[in-house]
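Please read the structure below before turning to the comments.
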Amino acid sequence: MDIVDKIIENINYLGAIALFVIGLRIVVLHSNLIKRIMGLNIMGTGVFLFFVSIGNVTGGVPPIIYPDSSGAVYINPIPSVLILTGIVVVVSITVYSLSLVIRIYENYETIDQKELSRLISEEANDH
Amino acid sequence: MIIEQLPIINLLLFLLMALFIPLLKRKPFKITLILGFVVLGLVFISSVYLLWYVNNVGIIIYTFGGFEARFGIEFVVDPFSALFTTIIAILAAIIYIYSSGDATDGIEKTEYGRYYILLFLLLMSMFGILYTNDIFNTYVFIEILSITTCAIISIKKKKDTYTSAFRYLMMNELGSLSYLIGVALIYMATGYTNITLIGESMSNAFQAYQLNIVIALGFMIIGLGIKAAVFPFHIWLPDAHSSAPSTSSAILSAIVIKVYILVFVKVLFRVFNLEILNEMSISTILLILAGVGMIMGSVFAIAQKDVKRMLGYSSVAQMGYILLGIGLLSFEGLRAAFFHILSHGLMKTALFLSVGEIIFYKKTRKVNDFDGLGFIMPVAMGVFSIAALGMIGLPLTSGFISKLNLGMAVLDKNQTIFLVILIISSLLNVIYYLPIIISAFLKNEKYHYRLESIEKTPRTMIAPLILLGLLIIVVGIFPNQIMVFIESAVRSVMP
């Protein structure tokens, strides 16, 4: 039962790693460009979950000071604050890459990576 | 004004300039160009002053909002960051003058303003990366840098730029997220994001949480390796750098990938320390990556028919040289690497700008079409030849000095095999640079009918090229004056 306890204790870290690996697999191997962007988001979520888990303290309360809350254990707010910046960054990357996908679709009329590579190599041979 | 605020003012000048450009939309474009030049000039002067100040008086530390370093963000100007911001300011000013001479090929007139907005944001983020002393803040600046670089690549309204920008974005984002997970693991082990504080507590953390530190180092090396186009992660570079406008290819190849390698240096030597690196024999891994990159980058470059792709692959090989210097983990190695960052910056800028001028007038990017160009465009081809000879490593150029230093550093560490690789890589450089020079100066021009269509080159395009050619030779003849600054930069990185 020792190993089960360990897994339950570290479930958020394991989840973070799982999300990271799932996202990585989609980004690298999927041929649909929009799904690759989704994979990027999943990967990012994994990193964010990891970051937020660091700040967690078992039995901790949110770091807001009330008059009667002396001696309480607070969770660490800094990782959450850092991750707010990270979320903004990933959102902007997503927006930018989606706009690129729109342009690619307008020019090639496909968003499939394999199809795109075929079209590009055909064009290169024409020249 | 207090001297501590000078680095912030540098960043603010760039940011304000980027904000001002859209407001000047209805005015003639010349006003924007002149204003931008004034901004670059001011930043250049303040960078030089900071360089003098940190080398003679002492390092500058600025904490934002008065929060102490462990909570807030800290900017540190030391010989390392001051030296490289100065180099970036010089190169950026040269490229800027060139780009104002109507040479931003492929960009529509209405897009010019946007191009310069992106350029100034790019410069701001690079200065930020070098000044900041906080690994999370570095991540934020890195992301600004990657978005603006992608936007600059895709600014041309051409089909292939979109796909190469997309690939660049995907690869870069993998790199950023790997770096971020490295930051998370380090924060987990030490509880800080400030580089100085992490450096102090790193030895204890390595005893207590060895696994964390090892995984963090792995993630950070891979993440920054992807961004710096270290050999096995370089696949995005040739496409991205060849499809961008020539001036931005120069910026991307000469400055942007160097900034990532400088973050790499910061992470290796300041966040982690030499003991940890030696214990995990990081040196061997880096040296193998560098050696393979030096050979393979040159081999790929030989096979290219498009001159800009060839230069892109050549950058991959040159990153191998820089990584070789860093991977030796010695004072001499780091000195050679820093010097090569400067000399490769100068040479790659010269190569891309002269090729840019040729593409602008001849509308050709094929290596085979360079026959007889030396008679039609003597300045462009002359500077191209100087820079190409520098790449090969001929004496009197800055490339020779960096290869000499690199060779001495390699011998100092008894890694003779890498001296052999260095020489083979130089010979491979000869194979792909020399035929271009020979065909440009010794063969007749293929297309005589194009002779009439050659316009007179604007002076704003010729002057930066001549300046670059001169700088390559001057740095090659008098390296000692610059070496003083480089050595103090190395000393500040490597205690």
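The values are calculated or read from the model by the stated rules, or taken from the named source; none is laboratory data. None of the values given here were measured: they were computed from a predicted structure. No Cβ is skipped: glycine too gets one built from the backbone with ideal geometry, and neighbour counts run over all protein chains shown. Heads up: the accessible areas ignore ligands, DNA and RNA and are worked out on the full protein's heavy atoms, side chains in. Shrake-Rupley method; radii C 1.70, N 1.55, O 1.52, S 1.80 Å.
Here is a yes/no grid of residues against (1) open to solvent by less than 10 Å² (accessible area, probe 1.4 Å); (2) at the interface with chain A (Cβ under 9 Å from one of its Cβ atoms):
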residue: B:Arg114; (1), (2): no, no
residue: B:Ser125; (1), (2): yes, no
residue: B:Thr132; (1), (2): yes, no
residue: B:Val140; (1), (2): no, yes
residue: B:Ser154; (1), (2): no, yes
residue: B:Lys159; (1), (2): no, yes
residue: B:Ala165; (1), (2): yes, yes
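Would you confirm, using the coordinates I've provided, whether B:Leu404 is surrounded by fewer than 16 Cβ atoms within 10 Å (Cβ to Cβ) and over 23 Å from the mean Cα position of the chain (by Cα)? Taking the combined requirement at face value, the residue does not satisfy it.
Rundown of residues vs (1) within 11 Å of chain A (Cβ to nearest Cβ); (2) of a type outside the set (A, V, I, L, M, F, W, C); (3) in contact with a Gly (Cβ under 9 Å, 6 or more places away or on another chain), yes/no style:
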{"position": "B:Asn137", "(1), (2), (3)": "yes, yes, yes"}
{"position": "B:Tyr162", "(1), (2), (3)": "yes, yes, no"}
{"position": "B:Ile195", "(1), (2), (3)": "no, no, no"}
{"position": "B:Gly225", "(1), (2), (3)": "no, yes, yes"}
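Condition (residue is within 20 Å of the chain's Cα centre (by Cα), in contact (Cβ under 8 Å) with a residue 24 or more places away in the chain and open to solvent by less than 50 Å² (accessible area, probe 1.4 Å)) applied to the range B:50-69: is it met by at least one residue? Yes, the range B:50-69 contains a residue that is within 20 Å of the chain's Cα centre (by Cα), in contact (Cβ under 8 Å) with a residue 24 or more places away in the chain and open to solvent by less than 50 Å² (accessible area, probe 1.4 Å). Considered as a group, the residues in the range B:1-23 that are open to solvent by less than 30 Å² (accessible area, probe 1.4 Å) and hydrophobic (A, V, I, L, M, F, W, C) include one that is farthest from B:Leu119 (Cα to Cα), and that residue is B:Leu6. Quick check on the range B:282-299: of everything there that is of a type in the set (Ser, Thr, Tyr) and open to solvent by less than 60 Å² (accessible area, probe 1.4 Å), which residue is farthest from B:Met310 (Cα to Cα)? Taking the candidates together, the pick is B:Ser283. Contact annotation: residue pairs with Cβ atoms under 7 Å, 6 or more positions apart or on different chains, pairing a residue in the range B:469-495 that is assigned to a helix (DSSP H, G or I) with a partner that is open to solvent by 20 Å² or more (accessible area, probe 1.4 Å) and of a type in the set (Lys, Arg), are B:Ile486/B:Arg335; B:Glu487/B:Arg335; B:Val490/B:Arg335; B:Val493/B:Arg270. Can B:Ile181 be described as hydrophobic (A, V, I, L, M, F, W, C) and under 17 Å from the mean Cα position of the chain (by Cα)? The answer is no for B:Ile181. A Cβ distance below 6 Å, combined with a sequence gap of six or more or placement on separate chains, defines the contacts here; from the range B:384-398, residues that are more than 16 Å from B:Ser315 (Cβ to Cβ) reach residues that are at pLDDT below 90 and not in a helix (DSSP H, G or I) in the pairs B:Leu389/B:Thr397. Can you name the residue in the range B:142-152 that is within 9 Å of chain A (Cβ to nearest Cβ) and closer than 20 Å to B:Thr247 by Cα and, of all such residues, is nearest to the chain's Cα centre (by Cα)? Residue satisfying both the conditions and the ranking: B:Ser146. Filtered by the rule that a residue be under 24 Å from the mean Cα position of the chain (by Cα) and among the acidic types (Asp, Glu), the range B:337-373 gives a lone residue, B:Glu357. If you take the residues in the range B:167-178 that are open to solvent by less than 10 Å² (accessible area, probe 1.4 Å) and facing chain A (nearest Cβ under 7 Å), which one is nearest to B:Ala250 (Cα to Cα)? The extreme case among them is B:Leu169. Quick one: in the range A:43-62, which of the residues that are surrounded by fewer than 18 Cβ atoms within 10 Å (Cβ to Cβ) and aliphatic (A, V, I, L, M) is farthest from the other protein chains (Cβ to nearest Cβ)? Here the residue is A:Val61. Checking the stated criteria, A:Ile87 turns out to be closer than 19 Å to B:Tyr139 by Cβ, more than 9 Å from every other protein chain (Cβ to nearest Cβ) and either surrounded by fewer than 18 Cβ atoms within 10 Å (Cβ to Cβ) or out of contact with any Cys (no Cβ under 8 Å at 6 or more places or on another chain) (or both). The single residue among B:Val214, B:Val265 that is at pLDDT 85 or above and within 23 Å of B:Gly320 (Cβ to Cβ) turns out to be B:Val265.
Go through the residues of the range A:113-126 one by one and say whether even a single one is open to solvent by 50 Å² or more (accessible area, probe 1.4 Å) and either in a loop (DSSP other than H, G, I, E, B) or at pLDDT 90 or above (or both). No - not one qualifying residue is present in the range A:113-126.
Inspection of the range A:16-32 finds no residue satisfying the criterion of being open to solvent by 70 Å² or more (accessible area, probe 1.4 Å) and on the phi > 0 side of the Ramachandran plot. Among the residues of the range A:1-40, the one identified as in contact with a Ser or Thr (Cβ under 6 Å, 6 or more places away or on another chain) and closer than 24 Å to A:Arg103 by Cα is A:Ile37. Within the range B:179-193, the set of residues being in a helix (DSSP H, G or I), more than 7 Å from chain A (Cβ to nearest Cβ) and open to solvent by 10 Å² or more (accessible area, probe 1.4 Å) comprises B:Leu185, B:Ala189, B:Thr190. With the checklist (1) without any contact (Cβ under 8 Å) to a residue 60 or more places away in the chain; (2) crowded, with 22+ Cβ neighbours inside 10 Å; (3) more than 30 Å from B:Asn204 (Cβ to Cβ) in hand, flag the one item B:Thr110 doesn't pass. Of everything listed in (1) without any contact (Cβ under 8 Å) to a residue 60 or more places away in the chain; (2) crowded, with 22+ Cβ neighbours inside 10 Å; (3) more than 30 Å from B:Asn204 (Cβ to Cβ), B:Thr110 misses just condition (2). Only residues that are surrounded by fewer than 24 Cβ atoms within 10 Å (Cβ to Cβ) and touching a Gly at 6+ places or on another chain (Cβ under 9 Å) were counted across the range B:229-241, and they come to 4. Of the residues A:Ser99, A:Ser92, A:Ser53, A:Ser80, the single one that is closer than 20 Å to A:Leu24 by Cβ and polar (S, T, N, Q) is A:Ser53. Residue under question is B:Ala216, and the condition is that it be within 14 Å of chain A (Cβ to nearest Cβ), of a type outside the set (Lys, Arg), buried (at least 20 other Cβ atoms within 10 Å of the Cβ) and over 23 Å from B:Glu143 (Cβ atoms); does it hold? No: the conditions fail for B:Ala216.
Rundown of residues vs (1) within 16 Å of the chain's Cα centre (by Cα); (2) more than 12 Å from every other protein chain (Cβ to nearest Cβ); (3) not basic (Lys, Arg), yes/no style:
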site: A:Ile64; (1), (2), (3): no, yes, yes
site: A:Val91; (1), (2), (3): yes, no, yes
site: A:Ser99; (1), (2), (3): no, no, yes
site: A:Ile104; (1), (2), (3): no, no, yes
site: A:Tyr108; (1), (2), (3): no, no, yes
site: A:Gln113; (1), (2), (3): no, no, yes
site: A:Leu116; (1), (2), (3): no, no, yes
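Among the residues of the range B:142-152, the ones that are surrounded by fewer than 24 Cβ atoms within 10 Å (Cβ to Cβ) and of a type in the set (A, V, I, L, M) come to 3 in all. When B:Phe37, B:Phe20, B:Phe14 are checked against the criterion of being part of a helix (DSSP H, G or I), closer than 16 Å to B:Thr460 by Cβ and among the hydrophobic types (A, V, I, L, M, F, W, C), a single residue qualifies: B:Phe37.
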